[in-house]
């Protein structure tokens, strides 16, 4: 086991990420809809284009339909302001994610943003398309934490996107299924992501990007999106690499029938029983948002975007087979499953028997809780492993076993310093290091800045070549399921074996039993 704490060698990194040769990208830039004028970023080496429509506004009769092409415009469009955030209930301002989805919010929201360091269309730089998280119910590609300038300065064209959320992005109804030529409904937010990637394929060369080297990356629901896009036949050929941070969809998934039933229940709660689709399309967005509330949404097996569950598609080797980086954080439950007053050992055991039935004894062996203090620790560890760790490990394993490309797995354990340290390496803590933006009001130290530089280096190297390794970085081995190794990003960077493996092994057994159950969603 190797352990190294690095002092950055800025000279080596400067060579690794030397700026592109001078050329001739000048405003306006022409895309398929017309001409765009951007603005310089904080650094004159980066040009920024904001609020670019990649699809038509999904309002009126286009509500709950696949995205349509964006309209052309005359003259030069000023791409200097972010577009609207998609309709949603914003996160509470006192949340660690507060302000992630700032106003204005609107159904007219299918916009993307580009940061490019390219000087010439001949630069053909790798492209990194970020898909934001937020439970498929919150968020925007315009959040301050996703500002792509620092990442772009490492030598990539960075794109962030919006996609429809909540009831607007994931409603299924029998009437919607009936009007679809594909006999599908419910995955409109995913179709938006696919439309954004199609736009990138057609237009990113104008910004000095290489459409043959597109990396999709995302965190939480954004990582689930990356996972689903790898499984979707509709996304074939739209990207060459994938990075998933704390989110996958290998658990049993809802079927179209299940989702349609939920949609009808929601319509009934809104007082709509006859001609439901026409009535729902006529309702103001605020009423629909209120009806859905803060409830997360999720992708479904709709028979079109996803012909089968993500697990089945990967297990059969039918995924879009590209190199991957996948991983999760050490304390995902610190902010997602808080226990202000802890939990007693007896309560933990009782919950285990209720949740895991005949597997409860195995669960309690994997997460022993003889004392109340141990029960609290076991609660957080089991949440982390069930919701995130298992998904990320099975993703790496299945890609290694059924694919022909490389998988790299990581574990983020750095606890951001300061008052927020009580949350540990919380869900989303890694985002600040990937983008080198530090928006969580945390007192980051020199090591945090160095760690961010190195994580960015790994990510951009991977976007460039499909291999994260490069000068000045600890070698990151290709994932081997037998050794079960990760690259740990913590108070140091090190290669570790079988991290949290006892709990993850339990969830292998438990989830196998769920897949064996006679349910259409588990097949």
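The values are calculated or read from the model by the stated rules, or taken from the named source; none is laboratory data. The shown structure was predicted, so the numbers you read here are calculated from the model rather than taken from an experiment. Using ideal geometry, Cβ is built from the backbone for each residue, glycine included, and neighbour counts are taken over all protein chains shown.
With respect to being in contact with a helix residue (DSSP H, G or I) (Cβ under 7 Å, 6 or more places away or on another chain) and buried (at least 18 other Cβ atoms within 10 Å of the Cβ), residue 297 fits the description. Of all residues in region 389-406 being crowded, with 22+ Cβ neighbours inside 10 Å and touching a strand residue (DSSP E or B) at 6+ places or on another chain (Cβ under 6 Å), which is farthest from residue 452 (Cα to Cα)? Among residues in region 389-406 that are crowded, with 22+ Cβ neighbours inside 10 Å and touching a strand residue (DSSP E or B) at 6+ places or on another chain (Cβ under 6 Å), the one farthest from residue 452 (Cα to Cα) is 399. Among the residues of region 466-474, is any within 30 Å of residue 364 (Cα to Cα), touching a helix residue (DSSP H, G or I) at 6+ places or on another chain (Cβ under 6 Å) and outside any helix (DSSP H, G or I)? The answer is no, given that none of the residues of region 466-474 is within 30 Å of residue 364 (Cα to Cα), touching a helix residue (DSSP H, G or I) at 6+ places or on another chain (Cβ under 6 Å) and outside any helix (DSSP H, G or I).
Quick grid of which residues meet (1) surrounded by fewer than 24 Cβ atoms within 10 Å (Cβ to Cβ); (2) out of contact with any helix residue (DSSP H, G or I) (no Cβ under 8 Å at 6 or more places or on another chain):
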position: 214; (1), (2): no, no
position: 220; (1), (2): no, yes
position: 236; (1), (2): yes, yes
position: 246; (1), (2): no, no
position: 255; (1), (2): yes, no
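Return the only residue of 327, 334, 342, 317 being touching a helix residue (DSSP H, G or I) at 6+ places or on another chain (Cβ under 7 Å), closer than 27 Å to residue 509 by Cβ and at pLDDT below 95. Spell out the reasoning first.
Values: 327 fails: at pLDDT below 95; 342 fails: closer than 27 Å to residue 509 by Cβ; 317 fails: at pLDDT below 95.
When all the criteria are applied, what remains is 334.
Consider residue 185 against the criteria (1) touching a strand residue (DSSP E or B) at 6+ places or on another chain (Cβ under 9 Å); (2) modelled with pLDDT of 95 or more: it satisfies all of them except one. Which criterion is unmet? For residue 185, the failing item is (1). Exactly one residue out of 70, 16 is surrounded by 13 or more Cβ atoms within 10 Å (Cβ to Cβ) and at pLDDT 95 or above: that is 70.
Count of region 33-86 residues, restricted to those that are in contact with a strand residue (DSSP E or B) (Cβ under 8 Å, 6 or more places away or on another chain), in a loop (DSSP other than H, G, I, E, B) and on the phi < 0 side of the Ramachandran plot, is 16. Within region 347-463, which helices (runs of 4 or more DSSP H) (wholly inside it) include 3 or more residues that are within 28 Å of residue 483 (Cα to Cα) and touching a residue at least 60 places away in the same chain (Cβ under 8 Å)? It comes to 360-366, 372-384, 390-402. Scanning region 148-182 for residues that are assigned to a loop (DSSP other than H, G, I, E, B) and out of contact with any strand residue (DSSP E or B) (no Cβ under 8 Å at 6 or more places or on another chain), we see that the one that is surrounded by the fewest Cβ atoms within 10 Å (Cβ to Cβ) is 181.
Which of the following residues is out of contact with any helix residue (DSSP H, G or I) (no Cβ under 6 Å at 6 or more places or on another chain), within 19 Å of residue 328 (Cβ to Cβ) and crowded, with 20+ Cβ neighbours inside 10 Å: 495, 486, 460? Spell out how you get there, then give the answer.
On the way: 495 fails: crowded, with 20+ Cβ neighbours inside 10 Å; 460 fails: within 19 Å of residue 328 (Cβ to Cβ).
Going through 495, 486, 460 in turn, the sole match is 486.
Against the condition under 27 Å from residue 245 (Cβ atoms), touching a strand residue (DSSP E or B) at 6+ places or on another chain (Cβ under 9 Å), in contact (Cβ under 8 Å) with a residue 60 or more places away in the chain and not in a loop (DSSP other than H, G, I, E, B), how does residue 335 come out, does it pass? When the stated conditions are applied, residue 335 does not pass them. Tallying residues that are more than 24 Å from residue 498 (Cα to Cα) and surrounded by fewer than 19 Cβ atoms within 10 Å (Cβ to Cβ) within region 300-335 yields 9.
Any residue in region 367-381 that is touching a strand residue (DSSP E or B) at 6+ places or on another chain (Cβ under 7 Å), crowded, with 21+ Cβ neighbours inside 10 Å and under 23 Å from residue 221 (Cβ atoms)?
Of the residues in region 367-381, the ones touching a strand residue (DSSP E or B) at 6+ places or on another chain (Cβ under 7 Å) are none.
No; the residues of region 367-381 include none that is touching a strand residue (DSSP E or B) at 6+ places or on another chain (Cβ under 7 Å), crowded, with 21+ Cβ neighbours inside 10 Å and under 23 Å from residue 221 (Cβ atoms).
One residue alone among 99, 133 is modelled with pLDDT of 95 or more and outside any helix (DSSP H, G or I), and that residue is 133. With respect to the conditions (1) farther than 16 Å from residue 217 by Cα; (2) touching a strand residue (DSSP E or B) at 6+ places or on another chain (Cβ under 9 Å), residue 429 lacks only one, and its number is (1).
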